[in-house]
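Peer 1: Structure below; questions to follow.
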Amino acid sequence: CSQHQVTQIMASVLSNQRPPYAIRGGVYDALVESQGDMFFADNQEVKAAIALFQEIEGVEIEPAAGVAFASLIKAIQHGQIERDAFTLLHITG
């Protein structure tokens with residue numbers, strides 16, 4: 001990921017050119033231990049998620065929260081979360 005690419009990221013607070021995957025007890029270990037998944041959202045998906053949240057809840061959210069919401073939408077679309085499951089997503093900003 002180049003510096004130019006980082007400037008293109010809508011939710012720049014979530015960008016990291018050197019993510020701490022190798023740190024013991026870090027992201028990699030947490031994902032392995034929990035058998036978790038990681039999702040990403042591109043800028044178009046983030047914009048769509050922000051617009052959907054605004055439409056449904058009447059609140060404009062920041063891009064980082066848009067990434068979280070877009071990722072939740074993807075998890076549902078990919079069948080990793082059942083459509084009628086109770087899910088809590090903490091939205092800030």
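Peer 1: Restricting things to alpha carbons, find the Rg to Rh ratio for the chain using the Kirkwood radius for Rh.
Peer 2: My calculation of the ratio gives 0.99.
Peer 1: If the only charges are +1 at each Lys and Arg Cβ and -1 at each Asp and Glu Cβ, what is the size of the charge dipole of the chain around the Cα centre, to the nearest 20 debye?
Peer 2: For this selection, approximately 320 debye.
Peer 1: Further question: Could you list the residues of the range 49-71 with an amide nitrogen less than 14 Å from a label point located 7 Å from the Cα of residue 23 in the Cα-to-C-beta direction?
Peer 2: Under cut-off, by backbone N: nothing.
Peer 1: Put +1 on the Cβ of every Lys and Arg and -1 on every Asp and Glu Cβ in the chain; which of 25, 51, 3 then has its Cα farthest towards the positive end of the dipole?
Peer 2: 3
Peer 1: State, as an integer percentage, the relative contact order of the chain based on alpha-carbon contacts under 8 Å between residues 6 or more apart.
Peer 2: Values: 71 pairs, mean separation 21.6, N = 93.
About 23 percent, as a whole number.
Peer 1: What does the charge count around residue 68 come to, taking other residues whose C-beta lies under 15 Å from its C-beta (Lys +1, Arg +1, Asp -1, Glu -1)?
Peer 2: Combined, the nearby Lys, Arg, Asp and Glu give -4.
Peer 1: If I model a spin label as a point 7 Å beyond the Cα along the Cα-Cβ vector, how far apart are those points for residue 30 and residue 55 in nm?
Peer 2: For the pair residue 30/residue 55, the computed spacing is 3.2 nm.
Peer 1: Please arrange 38, 10 by accessible surface area, largest first, computed with a 1.4 Å probe and ligands excluded.
Peer 2: Values: 38 110, 10 65 Å².
Final ranking, largest accessible area leading: 38, 10.
The values are calculated or read from the model by the stated rules, or taken from the named source; none is laboratory data. All of these numbers come straight from a predicted model, not from anything done at the bench. Positions of Cβ are generated from backbone atoms using ideal geometry, with glycine treated the same way; all protein chains shown enter the neighbour counts. Note: areas computed on protein heavy atoms with side chains; ligands, DNA, RNA excluded. Shrake-Rupley method; radii C 1.70, N 1.55, O 1.52, S 1.80 Å.
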